[in-house]
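The values are calculated or read from the model by the stated rules, or taken from the named source; none is laboratory data. Remember, it's a predicted structure, so these values are computed and weren't measured experimentally. Heads up, the Cβs are rebuilt from the backbone with ideal geometry, glycines too, and the neighbour counts pull from every protein chain shown. Note: areas computed on protein heavy atoms with side chains; ligands, DNA, RNA excluded. Shrake-Rupley method; radii C 1.70, N 1.55, O 1.52, S 1.80 Å.
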Amino acid sequence: MQTIPDKNSPDQIRNDALFLGKIPSSPHIEESISVPLLEIRDLTIHFIVHRRVTGPNVVVHAADKVSLFVKRGETLGLVGESGSGKTTVGRGALRLIEPTSGEVFLNGQNILKVHTRKLRDMRRKMQMVFQDPADSLNPRFTCRQTLVDALSHACYGSQDILRKALDLLESVGLNPSDLDKYPHQFSGGQQQRIAIARALAFTPELLILDEPTASLDVSVKTQVTQLLRELQKKFNLSFILISHDLSNVKYMTNRVAVMYLGQIIEIGNTSDIFSKPMHPYTRVLIDSVPVPDPDQKRKRASLIGEIPSATEPPAGCRFHTRCPIRFEICDQKEPHLAKLANGHMVACHLVNSSSE
Ligand code: SF4
């Protein structure tokens, strides 16, 4: 039986308000809603890739007006093809890339408005784990040096550092005997465990996981995924999981945001996104997830052509050049994210007109 969402529930009010850009002002409502850990509003990141003496510069529209939030203890999946802007949004949230405009609130404080010292403090609360641990670890640092370096930046006193380093090693399933090994003496999975331990040294509240298992074998991938889930529970962490691996996203996340060419085109609870995807692009992505049953035949939808260049995003709906069901207004008018039930939002004229 389908549950009818309570439109007066705190989460529903919060979701609606965030995405409509109307933060409710009633003190009663303000008290009753929980402030998300991370809230991104209208984040826009453009890169000038070619400055012209005459005429307009060539600009990559890496992210355009991206709005999302992450609650405490939850995992938000960020999915889409390469070039859709997922990693850019993750880096923009940490201010590793300076956004062109927008706002990023961590615990209610705008990270884009703070200066060096405060920025450093806020970044400790948000750590990033990168795709390839071999690239992110210093090859000349032993595991001990990597962790001690992180812990000293996290302001631990020298007498606590070794004990804390050993605790971290234990948390990620490594042994004290691993302390004096160099990265090349570890497997890919163990290297990723060290990268996770380094991130945990700062006692973060949010981890931005950028394809954390993409470079690992299937069995190791499962172990690292399991480890992340255990650590999330143990330390009450929130995750943003940036991934191409939709099976893993389905397993790991509470909510999913789908990006296409720098914009969020659908966002909602993981179960809704996977069971009733509304945007044609999301449907194709979901259809491409392998089914582990050789007898189960699936009718696969496919996309026309390649993702367009982010230097010249198509007018109207950015997906119209590849959409199998586009119609007249799709190349003229940009669809806005319209809300359906349960915090589910979709940017498509077909869905918008049927929900109005
Ligand atoms: Fe397709 Fe039009 Fe919907 Fe865009 S707005 S996804 S082109 S139907």
Total charge of the residues flanking Lys221 in space, meaning their Cβ is under 12 Å from its Cβ, with Lys and Arg +1 and Asp and Glu -1, is -3
On the accessible surface of the stretch 38-353, probed at 1.4 Å with all protein chains in place, carbon and sulfur together account for a percent value of 50
For Val220, Val351, the accessible-area ranking with a 1.4 Å probe, largest leading, is Val220, Val351
Ignoring ligands and nucleic acids, Lys113 exposes an accessible area, probe 1.4 Å, in Å² to the nearest 10, of 150
Reduced to Cα centres, the span from the stretch 215-275 to the stretch 111-168 in Å works out to 23
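For the chain, what's the relative contact order in percent, using C-alpha pairs closer than 8 Å and at least 6 residues apart?
On the way: 617 pairs, mean separation 66.7, N = 356.
Relative contact order comes out at 19 percent.
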Extend 7 Å from the Cα of Ser275 along its Cα-to-C-beta direction; within the stretch 52-75, residues with backbone N under 20 Å of that point are 75
Pairs over 22 Å Cα to Cα, from Lys65/Lys113; Lys86/Lys125; Lys125/Lys233; Lys221/Lys276, come to Lys221/Lys276
Rounded to the nearest 500, the 222 nm mean residue ellipticity computed for the chain from DSSP H runs (n ≥ 4, each -39500 (n - 2.57)) alone is -10000 deg cm²/dmol
In degrees rounded to 10, the 0-90 angle between helix 143-153 Cα long axis and the longest Cα principal axis of the chain is 70
Longest principal axis of the chain (C-alpha) makes with the long axis of helix 218-235 (C-alpha) an angle, in degrees to the nearest 10, of 80
Of every Cα-Cα pair in the chain, the percentage lying beyond 31 Å is 39
In a Gaussian network model of the chain with springs linking alpha carbons closer than 10 Å, the residue among Arg163, Arg51, Arg326 that fluctuates most is Arg51
Here the percent of antiparallel bridges among DSSP beta bridges lying wholly in the chain, to the nearest 5, is 60
Under a 1.4 Å probe, counting only protein heavy atoms, His153 has an accessible area in Å², nearest 10, of 100
Computed for the chain: size of charge dipole around the Cα centre, +1 on C-beta of each Lys and Arg, -1 on C-beta of each Asp and Glu, debye to nearest 20, value 400
Total charge of the residues flanking Ile307 in space, meaning their Cβ is under 13 Å from its Cβ, with Lys and Arg +1 and Asp and Glu -1, is 0
Over the stretch 38-353, with neighbouring protein chains present, the accessible area per residue in Å² at probe 1.4 Å is 48
Ignoring ligands and nucleic acids, Asp245 exposes an accessible area, probe 1.4 Å, in Å² to the nearest 10, of 50
Checking Ile45, Ile242, Ile329 against a Gaussian network model of the chain (alpha-carbon springs below 10 Å), the top fluctuating residue turns out to be Ile329
Highest GNM mean-square fluctuation among Pro335, Pro204, Pro139, for the chain with Cα springs under 10 Å, belongs to Pro139
